[in-house]
Amino acid sequence: MWSATILTLYPEMFPGPLGTSLSGDALARGIWSLEARNIRDHGLGRHRAVDDTPAGGGPGMVIRADVLASALDAALAPDDARPRLLMSPRGRPLTQARVRQLSAGPGVIIVCGRFEGVDERVIEGRGLEEVSIGDYVLSGGEIASLVTLDACVRLLPGVMGKEASGSEESFENGLLEYPHYTRPRDWEGRGIPDILLSGDHAKIALWRKEQSQRLTRERRPDLLA
Ligand code: SAM
């Protein structure tokens with residue numbers, strides 16, 4: 001079973017939206033498992049402190065290396081081969097290719113940052129891979145980890161129907177997906193491109209490829225580079 005362990009200060013945020021729809025159904029069917037562990041259980045003193053002021057000064061607080069390492073060590077099985085991700089705006093941007101790799105593996109351990117982030121030494125000391133979900137700053141890593149999990153779980157065998165294998169989707173072949181249409185045939189004076197109604201599958205495939213290339217050129221030339 002593909003297993004996800006999340007280290008967070010807000011375990012109540014899980015499974016959250018992943019408890020519904022495709023991912024929730026797959027969770028109930030035992031295709032994947034999810035454990036959200038509270039970093040605060042490893043906090044220090046009466047107040048279970050997890051953070052402290054940044055060395056060198058400056059605003060905000062930083063999650064302590066000793067506290068996070070103890071939470072992480074307690075979460076790991078002795079032979080745990082799962083990649084250890086740290087959600088971070090500084091990380092490598094998450095791509096569909098990385099999502100495919102993750103979903104083909106045994107699962108993931110995901111650390112959700114809060115405040116200014118986590119002490120650099122625990123990133124090095126525990127081999128955390130920093131992963132970003134985009135060039136903007138969230139208030140915590142929880143939503144980023146839900147995004148990462150959603151992208152992985154939908155690719156697990158048995159989660160999506162056969163007809164939606166995902167092989168033609170955006171990013172799978174380095175391009176954005178072509179436009180979709182369905183009934184009604186005319187809607188507010190707008191029709192469906194004739195070619196899609198022609199029944200000529202070779203021409204349809206060619207049209208879709210051209211549309212994919214056009215959209216990618218217009219919107220995401222970086223994908224073509
Ligand atoms: N001080 C950090 C910086 O400037 O890079 C931002 C910290 S942010 C307020 C708190 C936490 O939210 C981060 O430690 C990280 O876990 C998460 N986070 C914020 N933006 C993210 C993003 N784009 N991708 C992944 N995680 C993000």
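Laboratory data are not the source of any read-out in this text; all were calculated from the coordinates shown. A quick note: this is a predicted structure, and the numbers were derived from the prediction, not measured. All Cβ positions, even for glycine, are placed from backbone atoms using ideal geometry, and neighbour counts span all protein chains on display.
Ala28 to Leu197: extension gain in nm, 0.36 nm per residue of separation minus the Cα-Cα distance?
Difference between extended and current length: 56.9 nm.
Taking a cut-off of 19 Å, what percent of all Cα-Cα pairs in segment 170-224 are separated by more than that? Display every interim value, and only then the final one.
On the way: 563 of 1485 pairs.
So the pairs more than 19 Å apart make up 38 percent of the total in segment 170-224.
Hey, what do the phi angles of segment 46-62 turn into as Karplus ³J(HN,Hα) couplings, whole Hz, using 6.51/-1.76/1.60 and θ = phi - 60°, x for Gly and Pro?
4, 8, 6, 5, 10, 10, 7, 6, x, 4, x, x, x, x, x, 10, 10
Counting other C-beta atoms within 10 Å, which of Trp187, Trp32 has the fewest, and how do the rest follow?
Numbers: Trp187 11, Trp32 20.
Taking fewest neighbouring Cβ atoms as first place, the list is Trp187, Trp32.
Any chance you could run the full-extension gain for Gln213 through Arg92? It's 0.36 nm times the residue separation minus the Cα-Cα distance, nm to one decimal.
Values: separation 121, 0.36 × 121 = 43.56 nm, distance 2.54 nm.
Taking 0.36 nm per residue and subtracting the Cα distance, the gain is 41.0 nm.
Between Met160 and Leu76, what's the calculated FRET efficiency when r is the beta-carbon distance and R0 is 30 Å? Round to 0.05.
On the way: r = 30 Å, r/R0 = 1.00.
Plugging the Cβ-Cβ distance into 1/(1 + (r/R0)^6) gives 0.50.
Once the piece of chain linking Thr182 and His47 is laid out straight, how much longer is it, given 0.36 nm per residue of separation minus the C-alpha distance between them? Each step should come with its number before you reach the end.
Values: separation 135, 0.36 × 135 = 48.60 nm, distance 5.71 nm.
Net length gain for the segment: 42.9 nm.
Mind putting a number on the dipole of the chain about its Cα centre? Charges go on the C-beta only, +1 for Lys and Arg and -1 for Asp and Glu, and I need it in Debye to the nearest 20. Write out the running numbers ahead of the final one.
Numbers: 27 positive and 31 negative charges, 64 e Å.
Rounded to the nearest 20 debye, it is 300 debye.
How tilted is helix 141-153 with respect to the longest principal axis of the chain? Cα atoms for both, answer in degrees (0 to 90, nearest 10).
The angle comes out near 50 degrees.
If packing is taken as the average count of other Cβ atoms within 10 Å, what order do 33-45, 128-140 fall into, highest mean first?
On the way: 33-45: 16.5, 128-140: 14.5.
Listed from highest to lowest mean packing, they are 33-45, 128-140.
Percent antiparallel among DSSP beta bridges with both residues in the chain, to the nearest 5?
Numbers: 4 of 26 bridges.
About 15 percent, rounded to the nearest 5.
If you bin every alpha carbon distance in the chain into 10 Å steps from zero, what whole percent lands in each bin?
Per 10 Å bin, starting at zero, the Cα-Cα P(r) for the chain comes out as 7, 26, 29, 20, 11, 5, 1, 0 percent.
Averaging the inverse of every distinct alpha carbon separation and then flipping it gives the Kirkwood radius. What is it for segment 111-202, in angstrom units?
Working: mean 1/r = 0.0563 Å⁻¹.
About 17.8 Å, per the Kirkwood formula over Cα pairs.
Sorted by mean Cβ packing within 10 Å, highest first, what order do the peptides 18-24, 75-81 take? All intermediate terms of the calculation are to be shown ahead of the outcome.
Working: 18-24: 15.7, 75-81: 10.3.
Ranking the peptides 18-24, 75-81 by packing returns 18-24, 75-81.
Mind jotting down the distance between the C-alpha centroids of segment 182-225 and segment 34-77, whole Å?
Computed from Cα coordinates, the inter-centre distance equals 50 Å.
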